[in-house]
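S.K.: What follows is a structure written as structure tokens; I'll ask about it next.
We did not get these values from a lab; they are worked out from the coordinates using the rules stated. Just so it is clear, the model here is predicted, and its values are computed rather than measured. Positions of Cβ are backbone-derived with ideal geometry, glycine not excepted, and every protein chain shown enters the neighbour counts.
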Amino acid sequence: MSQPDYHSRRVGAVLVLVLLIFAGLFVYAMFDDATNKPQAIAGDQLGPDTDESFTAYQERAGAGLQQAAEEHDEPVFALVTFAEPLTAGKAGELLEGIDRVNTMLVGISTPRPLPEPISGKTRADVFAHQFSLIDSSLEGVGDVPRPYRLTAVTAYDTPQAFAELAGADSVAAVEVLPPDAAWGNFGIRPAVPPGIDMLEVAAPR
């Protein structure tokens, strides 16, 4: 790749990420419980700790999921990180059996809140609609590549359902929170599997 092409992609990726972050924050503020009630000062968090390698995160998340599946069957929130970015169709197929998908993540952007599919629609349709909204938000900002793959989701189901999901080849890690964790009172930090180029996700060639 020539230097000008790489520079253009980097500028495009930055524009996409900035717009995704601000759009996500706006939508999140409208739907998030945290805007209507005080947040915990030191709440739970999904995602790797500061300076934690992805391998260490995988091991920690896997151990926590196994323990939860052995101890209870209460629904929990989870961060599902894909082994590679997935299109709306592939992500929808993978997650069709999960009880609730709360948000989707595109690279390191702010999580985008998701509705449940209405009658006659699928999760793939919900994801595809979100990407169409992203396309619309990028209108008028020049020739900026549009993202079309997601890298992770937050979801809600039993530990047993997540343990089954974690066995899929397209899933890199599943981290669950305690069953008493409340929506809006925990942080989400994206995990980046080795070999995933977040620049390419944000501004695909």
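S.K.: Over all directions, average the projected area of the Cα convex hull of segment 67-205 and note it in nm².
M.R.: Spelled out: convex hull of the Cα atoms, projected over all directions, averaged, 9.0 nm².
S.K.: Given labels modelled 7 Å from the Cα in the Cβ direction, how far is it in nm from Ala83 to Ala63?
M.R.: The two pseudo-label positions are separated by 2.3 nm.
S.K.: Enumerate the amide H contacts of Val144 below 5 Å, restricted to partners 5 or more residues apart or on another chain; note that Pro and chain-start residues carry no placed amide H.
M.R.: none
S.K.: Next question, about the same structure. Going by C-beta contacts inside 10 Å, put Glu59, Glu200 in order with the fewest on the left.
M.R.: Least crowded to most crowded, the residues run Glu59, Glu200.
S.K.: How would you rank Val126, Val201, Val176, going from fewest to most other Cβ atoms within 10 Å of each one's own Cβ? Before the final figure, lay out the partial values.
M.R.: Working: Val126 20, Val201 24, Val176 27.
In increasing order of surrounding Cβ atoms, one gets Val126, Val201, Val176.
S.K.: Place a label point 7 angstrom from the Cα of Arg146 along the Cα-to-Cβ direction, then list the residues of segment 177-205 whose backbone nitrogen is under 15 Å away.
M.R.: What the label zone holds, given the 15 Å backbone N cut-off, is 202-205.
S.K.: Can you give the local net charge around Gly62? Use residues other than it whose beta-carbon is closer than 14 angstrom to its beta-carbon, Lys and Arg +1, Asp and Glu -1.
M.R.: So the surrounding residues net to -4.
S.K.: Also: Simple spin-label model, 7 Å along Cα-to-Cβ: Ser170 to Asp125 in nm?
M.R.: Inter-label distance under the simple model: 1.9 nm.
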